[in-house]
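Chemist: Pasting in a structure now, in structure tokens, and then I'll have a few things to ask.
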Amino acid sequence: TLALISDSEQARTAGFIINRFRGDIALLEPGLEWLAEHTGKPVFGVLPYLHGLVIDSEDSVSAAGTSEAGALKVVVPVLPRISNHNDFDPLRLHPGVDLVFVGPDAPIPPADLIILPGTHEHQALEVAERCRRAIGSLILKAGDIELPLTASVGAASRGKQLIRDSDHIIRLADEAMYEAKKSGRNQVIAG
């Protein structure tokens, strides 16, 4: 990495800290000596990998998390150029939430909640309406009986009001969904 940054950034780099090391430090020591020798920068230390220690996942989406049985199933489609993905860390680490990131070409699994990161309310409503129409085009067959499917969808975003926490935005989406059901079902309503 040092060789890839500009000369001014190299000059400001004081040294190295090896992060999340697993294994026998004695096996790493020759590599640390080589690094210091070839870069002229000291190695300040080696931080061990600690299970259960949460370190920001930097520029990648971290899927690791733990959840208990019966947890709220939350799906986050990974959109191109996703940023601030670590905003989801509180949900990912909450034992009552089963958070799943889904790649661009992967199908969306069954979920209690789908979060579209960085999406304005009007975009979320358009996606919800497309989903509602797609569900409405399906027919459930039970023997000789054909039943049309409907979907009542509630959407919520940070745009309309101050969102205090994840429970608050989920409650807003739930309230909007129940309003959609009360207002005749098979529609999308923003909370």
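Chemist: How long is the gain from Leu2 to Val46 if the chain were fully straight, where each residue apart is worth 0.36 nm and the alpha carbon distance is subtracted?
Modeler: 14.1 nm
Chemist: Under a point spin-label approximation (7 Å from Cα along Cα-to-Cβ), what is the Asp105-His38 distance to one decimal in nm?
Modeler: Modelled inter-label distance: 3.5 nm.
No lab work stands behind these numbers, since they all come straight from the coordinates. This one's a predicted model, so the numbers in the text were calculated from it and none came from an experiment. Quick reminder, even Gly has a Cβ in these numbers, built from the backbone with ideal geometry, and neighbours come from all protein chains shown.
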